[in-house]
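Beneath this line is the structure, given in structure tokens, with notes to follow.
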Amino acid sequence: MSGHSAVFYHNNFMISRNPLQPILSLTSILAILTVCQHAICENRGHWRGENGNGVSLSATPPTRWSDTENVKWKVAIPGRSSGSPVIWENQVFVVSAVPVSGSRDLQFKLFSFDRGTGELQWEKTAVEAAPHEGTHQTNGYASASPCTDGQHVYAHFGSQGLYCYTLAGDLKWKRDFGKMSTRNSFGEGSSPTIADGKILVPWDHEGQSAIYALDKNSGEIIWKTERDEPTSWATPLVVDADGKKQVITNGENYARSYDLETGKEIWRCAGQTQRPVASPVFADGVVYIGSGFRGSFLGAFRLDGEGHIGGTDKVLWTIKKDTPDIGSLLLSENRIYFYKAKTGIVTCVDATTGKTLFGPERIPGIANTYASPVAAGGYVFITGRSGTTTVIKDADTLEVVASNSVGETVDATPAPVDNELFIRGENHLFCISK
């Protein structure tokens, strides 16, 4: 899904050698050097990272911290959200649904914080409204993560709409998709994905489900493909299949692939469990899709199939136990890490064969999990709802390195960038740095 190399770009500086262009001023050079000095070299425009697999290819965050140790800054955030932070240059973006005193209304907000200091740069209220239905006690009303391409930042509040802002906080466009009716009123939370000039919006619920592709600059609908799927909270993944982009989606009835340009379905495969939440991962022409509520299923699918691919050689292997419910898969160095349901029990398998490398193993300090595991700098960061993050080696065998807590509930997936780790807690946003 989003975060692919063709979608999210690093912040590279270039000094032109064209003699017709003026030489950079001393002020400009000093500004560039100041940015580099502060190590703002990597961006994370999507909660799943630059390759969509939950990995940072260059970050080296600390492996040890507490709510005070190795905390560069922390800032209080009003309201509630399990959406993950995204980072672009010197800005950190988060969303929240903030109660309005004496009312059922919520203010659906997007915040921009200074990456270096944690200072609030701006906050925008996209809309103030009362939710039309309830939500699960562990879920809020602003659970979708924002995303950015370095030009605009997108905040998706489901039934309250999708909002496109400039990085300065100016509203460029908004789009209303109507009202969702989710399974058991458990609430909303699927995140959008940016790819090739489009923003993809998943819309699986108890009404007519669909997936939308919008022009990311105007908000106009490019295509809409209806889906025969009940509620799902998974986020789409965009992959390159021999030069042709496919949109990979999870679903209770089928895992599917769509053509990014047209929205036409390419292939599908049954086997997933009820109301999937976990998002897919991808490498070397194979996509991995799993779910783990009232059942277990994880499959490895080749991308060159068409139509129904179940029972064909396009399904390389399957696993039918101990697969993840809320937390998404992590794919790093040909290893796939995943939780058993919502627990802190982790299995690691070889991505090529599906063979177990270790697990299922209970990770110390981790009981219940909503956040997805992430990898950076040779380590895997496993975060529990208690606020504890246990760090293990990114390796074929289980080796626990450290266990750390920020002292409050954490449901959002942490974001590793450069030598920092951004953690959205229930009450605060933390910047963890040596």
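The values are calculated or read from the model by the stated rules, or taken from the named source; none is laboratory data. If you're wondering where the values come from, they're calculated on a predicted model, not measured in any experiment. We place every Cβ from the backbone using ideal geometry, glycine too, and count neighbours over all the protein chains shown.
Please find, within the stretch 90-114, the residue that is nearest to Gly161 (Cα to Cα) out of those that are among the charged types (D, E, K, R) and under 24 Å from the mean Cα position of the chain (by Cα). Step through it out loud before you land on a result.
Of the residues in the stretch 90-114, the ones among the charged types (D, E, K, R) are 104-105, 109, 114.
Filter again for under 24 Å from the mean Cα position of the chain (by Cα), leaving 109, 114.
Details: Lys109: 12, Asp114: 26 Å.
The selected residue is Lys109.
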Here are Phe108, Phe113, Phe93: which of them is out of contact with any Ser or Thr (no Cβ under 9 Å at 6 or more places or on another chain) and among the aromatic types (Phe, Trp, Tyr)?
-> Phe113
Provide a single number: the residues in the stretch 317-371 that are without any contact (Cβ under 8 Å) to a residue 24 or more places away in the chain and surrounded by 24 or more Cβ atoms within 10 Å (Cβ to Cβ).
-> 0
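Tell me, which residue of the stretch 72-125 that is of a type in the set (Lys, Arg) and part of a strand (DSSP E or B) is surrounded by the fewest Cβ atoms within 10 Å (Cβ to Cβ)? Walk me through how you get there before you give the answer.
At the first step, the residues of the stretch 72-125 found to be of a type in the set (Lys, Arg) are 72, 74, 80, 104, 109, 115, 124.
Remaining after also requiring part of a strand (DSSP E or B): 72, 74, 80, 109, 124.
Details: Lys72: 19, Lys74: 20, Arg80: 19, Lys109: 23, Lys124: 17.
Per the criteria, the residue is Lys124.
Take the residues in the stretch 241-280 that are among the charged types (D, E, K, R) and not in a loop (DSSP other than H, G, I, E, B), then tell me which one is modelled with the lowest pLDDT.
Initially, the stretch 241-280 is screened for residues among the charged types (D, E, K, R), giving 242, 244-245, 252, 256, 259, 261, 264-265, 268, 275.
The next check asks that each one be not in a loop (DSSP other than H, G, I, E, B); those that pass are 244-245, 256, 259, 265, 268.
Values: Lys244: 94, Lys245: 97, Arg256: 98, Asp259: 98, Glu265: 98, Arg268: 98.
This residue is Lys244.
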With respect to the numbered conditions (1) assigned to a loop (DSSP other than H, G, I, E, B); (2) out of contact with any His (no Cβ under 6 Å at 6 or more places or on another chain); (3) over 28 Å from Gly359 (Cα atoms), which one is the sole condition not fulfilled by Thr231?
-> (2)
Among the candidates Leu298, Leu316, Leu303, residue that is among the aliphatic types (A, V, I, L, M), in contact with a Pro (Cβ under 9 Å, 6 or more places away or on another chain) and at pLDDT 95 or above = Leu298
Take the stretch 312-353 and flag every residue that is under 16 Å from Ala255 (Cβ atoms) and aromatic (Phe, Trp, Tyr).
-> Trp317, Phe338
Flagged in the stretch 270-298 as in contact with a strand residue (DSSP E or B) (Cβ under 9 Å, 6 or more places away or on another chain), over 17 Å from Gly52 (Cβ atoms) and surrounded by fewer than 24 Cβ atoms within 10 Å (Cβ to Cβ), in numbering order, are Ala270, Gly271, Thr273, Gln274, Arg275, Phe293, Ser296, Phe297
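Have a look at Asp396, Asp418 and point out the one that is touching a residue at least 24 places away in the same chain (Cβ under 8 Å), more than 16 Å from Ala59 (Cβ to Cβ), among the acidic types (Asp, Glu) and out of contact with any Ser or Thr (no Cβ under 6 Å at 6 or more places or on another chain).
Numbers: Asp418 fails: more than 16 Å from Ala59 (Cβ to Cβ).
Checking each option against the conditions leaves just Asp396.
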Going through the stretch 142-153 one residue at a time, which ones are out of contact with any Ser or Thr (no Cβ under 7 Å at 6 or more places or on another chain) and in a strand (DSSP E or B)?
-> Thr148, Val153
In contact (Cβ under 8 Å) with a residue 12 or more places away in the chain and either under 30 Å from Ser386 (Cα atoms) or out of contact with any strand residue (DSSP E or B) (no Cβ under 7 Å at 6 or more places or on another chain) (or both): does that describe Glu128?
-> no
